[in-house]
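Inspection log for the structure reproduced underneath, given as structure tokens.
The values are calculated or read from the model by the stated rules, or taken from the named source; none is laboratory data. Note that the structure is predicted; figures quoted are calculated from it, not measured. Note that we place each Cβ from the backbone using ideal geometry, even for glycine, and neighbour counts take in every protein chain shown. Areas reflect the complete protein model, heavy atoms only, side chains present, ligands, DNA and RNA absent. Shrake-Rupley method; radii C 1.70, N 1.55, O 1.52, S 1.80 Å.
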Amino acid sequence: MAMADVTIYGAGIFGLSVAWSCARRGATVRVIDPYGPGAGSSGGLVGALAPHVPEQWNDKKAFQLDSLIMAQGFWDEVAQVSGHKAGYARLGRLQPVADDAALALARQRTQGAAELWQGMAEWRVRPRGDLGAWAPESASGWLIEDSLSARLHPRMACTALVAAIRAKGGEVLHEGAAQGRVVWATGVAGLEEINAQRPRAFGNAVKGQAALLRLDRRDCPQIFAGGALVVPHADGTVAVGSTSERDFDDPSQTDAQLDEVLARAEAAVPALAGAEVIERWAGLRPRARSRAPVLGSHPLRADEFIANGGFKIGFGMAPKVGAVMADLVLEGRDAIPDGFRPEASY
Ligand SMILES: Cc1cc2nc3c(=O)[nH]c(=O)nc-3n(C[C@H](O)[C@H](O)[C@H](O)COP(=O)(O)OP(=O)(O)OC[C@H]3O[C@@H](n4cnc5c(N)ncnc54)[C@H](O)[C@@H]3O)c2cc1C
């Protein structure tokens, strides 16, 4: 094959999205990951693409909105080029409203969404009784329904991206030499490598545990209730997540904390009752000190780039992360928000 224009280390959602975004613009790409695609945090179960609340607007929320809006076109193109679906669908999200104060706030946010989401999606407050058997319990009798949230299947998404990259003549390898410009999208390993060279921590791992149920609700919206995320997937499963652990002994083990998340989900969503748990999974989220994605020049490697810090929203951010990194790496065009630069985590 021709020499690569861009080499990307790391075949998680960030590395694969950057590689795909470069490949679709005509660049020859090489992705190298010794452990294979989806070996890290991106090989999980949940795949909720959900917005922050529509208020106190900032660069991060604006970037996330762009990315969520871009997602349909991004995943449609990946499916068309690769012949593989990512399990993407924008089916919205339901959240219970606890009491009168929360109801007033939810209604206020309807106004916020009308303005800040620019007519591209809605945030509505609806009586639970209007929303059918899938709806979660609600102490107030009301639910928030947004039409911006979407879901994808993390493993199907990684498989589809690998196939799309290869269809454009790119390589996804376990080992090989770097050619052309170099991007490091190595998740937690990449943050730890930077930590070792800096006086204070640049980022850290936050463990998460999730489970998969056999239950076909593929046309239903995701639910955030009882502190748990419940995400119906295209393949007739429902994911339930997640714990958030700064301290842990074993990054890959699941334990009683996951049982507790499952119990909360079942209490909040009666429709989950009796569904069989078919997988339990744990992984490490890459969290930068800034809590935002880390995009731009690599802090340690002159003339090389970094795409890291996906933390809890890496899949939702991926389409726009890919686009701005392709702008930077291929064209030298820098559209990265200041809060996403490595300096924000120093
Ligand atoms: C339980 C849980 C639930 C989550 N739920 C959601 C959700 O609902 N929605 C959402 O958007 N996000 C969610 N996330 C977060 C999301 O999974 C992460 O933000 C995302 O996967 C980070 O992607 P990444 O590519 O940066 O890292 P990773 O997926 O970890 O990829 C890094 C890759 O780098 C490779 N690597 C390491 N060292 C090297 C090296 N030296 N050379 C080459 N390759 C190397 C690794 O093998 C790995 O494949 C969740 C995470 C967890 C743990």
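Worth a mention:
- Test: residue in region 221-234 that is under 30 Å from residue 328 (Cα atoms), under 20 Å from the mean Cα position of the chain (by Cα) and aliphatic (A, V, I, L, M): no
- Taking the criterion of being open to solvent by 30 Å² or more (accessible area, probe 1.4 Å) and either of a type in the set (Asp, Glu) or under 20 Å from residue 272 (Cα atoms) (or both), the residues of region 126-140 that qualify are 128, 129, 130, 131, 132, 133, 137, 139.
- Selection from region 302-330 of residues that are on the phi > 0 side of the Ramachandran plot and open to solvent by 10 Å² or more (accessible area, probe 1.4 Å): 303, 311
- Among residues of region 44-67 being touching a helix residue (DSSP H, G or I) at 6+ places or on another chain (Cβ under 7 Å) and surrounded by fewer than 18 Cβ atoms within 10 Å (Cβ to Cβ), the one that is farthest from residue 162 (Cα to Cα) is 55.
- Selection count, region 154-206, where residues are within 18 Å of the chain's Cα centre (by Cα) and of a type in the set (S, T, N, Q): 3
- Evaluation of residue 231 against (1) closer than 23 Å to residue 85 by Cβ; (2) more than 13 Å from the ligand (Cβ to nearest atom) (one fails), failing number: (2)
- Inclusion of residue 98 among residues that are among the hydrophobic types (A, V, I, L, M, F, W, C) and within 13 Å of the ligand (Cβ to nearest atom) is not warranted.
- Within region 295-317, being closer than 17 Å to residue 345 by Cα and part of a loop (DSSP other than H, G, I, E, B) holds for 298, 299, 300, 301, 309, 310, 311, 312.
- Of all residues in region 107-125 being open to solvent by 90 Å² or more (accessible area, probe 1.4 Å) and among the charged types (D, E, K, R), the one that is nearest to residue 224 (Cα to Cα): 124
- Qualifying residue in region 248-263 (condition: open to solvent by less than 20 Å² (accessible area, probe 1.4 Å), modelled with pLDDT of 95 or more and away from the ligand (no atom under 15 Å from the Cβ)): no
- If the condition is being of a type in the set (D, E, K, R) and over 30 Å from residue 134 (Cα atoms), then region 275-325 contributes 287, 289, 291, 301, 303, 304, 320.
- So residue 210, is it more than 11 Å from the ligand (Cβ to nearest atom) and in contact with a Ser or Thr (Cβ under 9 Å, 6 or more places away or on another chain): no
- Residue within region 126-136 that is closer than 18 Å to residue 228 by Cβ, touching a Lys or Arg at 6+ places or on another chain (Cβ under 7 Å) and not basic (Lys, Arg) present: yes
- Residues satisfying the stated conditions in region 90-106, i.e. of a type in the set (D, E, K, R) and either assigned to a helix (DSSP H, G or I) or open to solvent by 40 Å² or more (accessible area, probe 1.4 Å) (or both): 90, 99, 100
- Taken over region 13-32, the criterion of being in a loop (DSSP other than H, G, I, E, B), open to solvent by 20 Å² or more (accessible area, probe 1.4 Å) and touching a strand residue (DSSP E or B) at 6+ places or on another chain (Cβ under 9 Å) is satisfied by 28 alone.
- Residue in region 71-89 that is away from the ligand (no atom under 11 Å from the Cβ), under 30 Å from residue 225 (Cβ atoms), open to solvent by less than 20 Å² (accessible area, probe 1.4 Å) and part of a loop (DSSP other than H, G, I, E, B) present: yes
- Where strands (runs of 3 or more DSSP E) fall entirely within region 131-201, those with at least 2 residues that are within 16 Å of the ligand (Cβ to nearest atom) are at 171-173, 181-184.
- A single member of 210, 265 is closer than 25 Å to residue 137 by Cα, within 21 Å of the chain's Cα centre (by Cα) and without any contact (Cβ under 8 Å) to a residue 60 or more places away in the chain, and it is 265.
- Among the numbered conditions (1) at pLDDT 95 or above; (2) more than 9 Å from the ligand (Cβ to nearest atom); (3) more than 18 Å from residue 168 (Cα to Cα), the only one that residue 21 does not meet is (3).
- Among the conditions (1) under 19 Å from residue 164 (Cα atoms); (2) open to solvent by 10 Å² or more (accessible area, probe 1.4 Å), residue 36 misses just one, which is (2).
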